[in-house]
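Worksheet: one structure, shown below.
The values are calculated or read from the model by the stated rules, or taken from the named source; none is laboratory data. Note that this is a predicted model, so its numbers are computed, not measured. Virtual Cβ from ideal backbone geometry, glycine too; neighbours counted across all protein chains shown. Note: accessible area is taken over every heavy atom of the protein model, side chains too, but ligands, DNA and RNA are not part of it. Shrake-Rupley method; radii C 1.70, N 1.55, O 1.52, S 1.80 Å.
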Amino acid sequence: MTNQDVVVSEMGIAAGAALTGPSPALLACRGAAAGAMSLRYLDLAAAAARSASCTWVDAMRASSPTRSRAAADVDEFTAWMRKHPSALGKFEQIASASKGKKVVMFLDYDGTLSPIVADPDAAYMSNAMRAAVRDVAKHFPTAIVSGRCRDKVRNFVGLSELYYAGSHGMDIKGPGSNPESVLCQPASEFLPVIDEVYKLLVEKTKSTPGAKVENNKFCLSVHFRCVDEKRWNALAEQVKAVIKDYPKLKLTQGRKVLEIRPSIMWDKGKALEFLLESLGFANCSDVLPVYIGDDRTDEDAFRVLRKRGQGLGILVSKCPKETNASYSLQDPSEVMDFLLRLVEWKRKSSPPPPMIRPRV
Ligand SMILES: O=P(O)(O)OC[C@H]1O[C@H](O[C@H]2O[C@H](CO)[C@@H](O)[C@H](O)[C@H]2O)[C@H](O)[C@@H](O)[C@@H]1O
């Protein structure tokens, strides 16, 4: 691991923070990569997971339930909503908790800002949502945290004033188009292997109708959404057959997707901590990080917020799911309503400075 592996621009990091020497977040970012080779227990965990053939498919089904709420047990849903109330319903409570705090927004992309669609290349965000995110970013530092390749999610969102953390947080860049503003890439040494495995997976899965492999730069996604469910186990076997030769890679699952990523101690939760620190909020008691996401990988960020005892985790889901989030929203349209209310609240609570009239 060399210093070139982690490209840092103090200008990009600064955003109000005066940093001297490598910050703890940057050291963590470096450490994640440096520790990659020595973390044998991660390899073992990945190996154990690889050996549990159907568990991946079962977990993937569980994280993307197809039954409607009407079919779900109403009591279970009510109990779940009591534990994870609607962030819209509890908006006043959230607003008063935010009073006097510096709100920092973290937004997942797929299933949060854009609706889930069959073709991952066509997961567009609406113009109304884009305008809402733009407004949010005028008032609060805002980051998009996605499993997607950073450039791809940046193209979907189309806003240059945001922070972007692509590849599940393994590729973090500050606002603007300056390539120097890449802040953290803890998995850069994995690029060649990810490329190699991408090609192998494309070849291996081409016999499975509907399967699609997406290259997210520091990680890969194998999509199951358009594959007949009867073939899911066979497809998971194909994926496992490829990655069994790569003990430094691990499998995680999301919404009808298996994700292949480096076995480093880095995830969306680490990315959240890194960004908070880069923004100068590491040890601030008056910061309120708000993270909105819909997927299993967002749980890493919710967990971090819970552990810090600071901030709000909001899960986007119509169905009861095991989660570390405190609040819930049902779908991207509710996410948009929440963002708009946040902007309106901020506008009302901090009116523009009074006009100074020239003396006559
Ligand atoms: O962290 P995220 O921004 O939520 O990214 C997670 C995965 O999102 C995308 O896949 C999901 O959305 C697709 C489009 O709606 C859908 O077809 C797919 O079934 C979902 O899993 C993205 O394509 C993946 O690469 C990301 O890992």
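Summary of values
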| quantity | calculated |
| --- | --- |
| Computed Kirkwood radius, in angstrom, where 1/r is averaged over Cα pairs of the stretch 223-360 | 18.4 Å |
| ³J(HN,Hα), Karplus 6.51/-1.76/1.60, whole Hz, each residue of the stretch 212-223, x for Gly, Pro | 9, 10, 10, 8, 9, 6, 9, 7, 10, 10, 10, 8 |
| Accessible surface of the stretch 189-262, 1.4 Å probe, proportion on carbon and sulfur as whole % | 52 percent |
| Hydrodynamic radius of the stretch 189-262 per Kirkwood, over alpha carbon pairs, in Å | 12.1 Å |
| Amide H within-cut-off set for SER328, under 5 Å, with H built and near neighbours excluded | SER86, ALA87, LEU315 |
| Inter-centroid distance (Cα atoms) of the stretch 285-335 relative to the stretch 147-179, Å | 20 Å |
| For LYS250, distant residues with modelled amide H under 5 Å away | ARG261, SER263 |
| Packing-based order for 219-230, 188-199, 165-176, using average beta carbon neighbours within 10 Å, highest first | 165-176, 219-230, 188-199 |
| D (Stokes-Einstein, µm²/s), Kirkwood Cα radius, the stretch 160-220, 0.692 mPa s at 37 °C | 251 µm²/s |
| In order through the stretch 231-238: 3J(HN,Hα) via Karplus (6.51 cos²θ - 1.76 cosθ + 1.60), integer Hz, x for Gly, Pro | 9, 4, 4, 5, 5, 4, 5, 4 |
| Amide H within-cut-off set for LEU183, under 5 Å, with H built and near neighbours excluded | ILE172, LYS173, GLY174 |
| Local electrostatic count at GLY89 - Lys and Arg +1, Asp and Glu -1, tallied over other residues with Cβ under 14 Å | +1 |
| Per-residue HN-Hα couplings for the stretch 281-287 [Karplus 6.51, -1.76, 1.60; θ = phi - 60°; Hz; x = Gly/Pro] | 10, 3, 10, 7, 8, 9, 9 |
| Accessible surface, the stretch 189-262, averaged per residue in Å² (probe 1.4 Å) | 43 Å² |
| Anchor LYS346: aspartates and glutamates whose Cα lies under 20 Å away (excluding residues fewer than 8 positions away in-chain) | GLU92, ASP135, GLU161, ASP286, GLU334, ASP337 |
